[in-house]
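> I'd like to ask some things about the structure below.
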Amino acid sequence: MLFLVISQPRLDPPSSVTNQRKLYWDWVAPLQASGEVRSVYAKVGRGAVALFDVPSNERLHQRLNEWANIMPASFEVHALIDPDAAKAFLNNT
């Protein structure tokens, strides 16, 4: 299941959360290596955007809780359809 997640961290001064920001990148690296996070980008200013490929809503919930424990944030979550699946759907309608 694909999900685009956009984070909006608390409005703490960036310098006060430098260690948490480093921990975030350490946390996300093995998820990228396993393919559970297909890509991740820092947003200009603050926050991040990540493309999750997880087996269930529960796994996404787990990962977002882990993320928020490192860097408290609100999340905008968008369920996505793989482009090939979207094209196949259109060809079958």
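> Take the range 22-65 and flag every residue that is closer than 23 Å to L11 by Cβ and of a type in the set (F, W, Y).
Those that are closer than 23 Å to L11 by Cβ and of a type in the set (F, W, Y): Y24, W25, W27, Y41.
> Okay, next question. Which residues, taken from the range 77-93, are of a type in the set (G, A, S) and either part of a helix (DSSP H, G or I) or without any contact (Cβ under 8 Å) to a residue 24 or more places away in the chain (or both)? It would help to see each step written out before you state the result.
Of all residues in the range 77-93, those of a type in the set (G, A, S) come to 79, 85-86, 88.
Of everything in the range 77-93, those that are of a type in the set (G, A, S) and either part of a helix (DSSP H, G or I) or without any contact (Cβ under 8 Å) to a residue 24 or more places away in the chain (or both) turn out to be A85, A86, A88.
> Write out, first by first residue and then by second, each pair whose Cβ atoms fall under 7 Å of each other, whose residues are 6+ apart or on separate chains, and whose first residue, in the range 14-29, is among the charged types (D, E, K, R) while the second is not in a helix (DSSP H, G or I).
R21/M71
> Let me ask something else. Restricting to the range 43-60, give me the number of residues that are outside any strand (DSSP E or B) and within 11 Å of the chain's Cα centre (by Cα). Don't jump to the end; show me each part of the working.
Kept after step one, since they are outside any strand (DSSP E or B), are these residues of the range 43-60: 43-47, 54-60.
Now drop any that are not within 11 Å of the chain's Cα centre (by Cα), which leaves 47, 54, 60.
Counting residues in the range 43-60 that are outside any strand (DSSP E or B) and within 11 Å of the chain's Cα centre (by Cα) gives 3.
> Name the residue that is modelled with the highest pLDDT, counting only residues in the range 4-42 that are of a type in the set (V, I, T) and assigned to a helix (DSSP H, G or I).
Applying the filter and picking the extreme gives V28.
> Taking interchain pairs and intrachain pairs at least six residues apart, which have beta carbon atoms under 7 angstrom, with the first residue in the range 58-73 and within 17 Å of S16 (Cβ to Cβ) and the second part of a helix (DSSP H, G or I) and polar (S, T, N, Q)?
The qualifying pairs are I70/Q20; M71/Q20.
> So, one more: Within the range 11-19, does at least one residue satisfy the condition of being out of contact with any Leu (no Cβ under 6 Å at 6 or more places or on another chain), surrounded by 13 or more Cβ atoms within 10 Å (Cβ to Cβ) and not basic (K, R)?
Yes, the range 11-19 contains a residue that is out of contact with any Leu (no Cβ under 6 Å at 6 or more places or on another chain), surrounded by 13 or more Cβ atoms within 10 Å (Cβ to Cβ) and not basic (K, R).
> Additional query: Return only the number of the condition from (1) at pLDDT 95 or above; (2) surrounded by 11 or more Cβ atoms within 10 Å (Cβ to Cβ); (3) among the hydrophobic types (A, V, I, L, M, F, W, C) that A79 does not satisfy.
(2)
The values are calculated or read from the model by the stated rules, or taken from the named source; none is laboratory data. Computed from a predicted structure; not experimentally measured. A quick note on method: Cβ atoms are made from the backbone with ideal geometry, for glycine too, and the neighbour counts reach across all protein chains shown.
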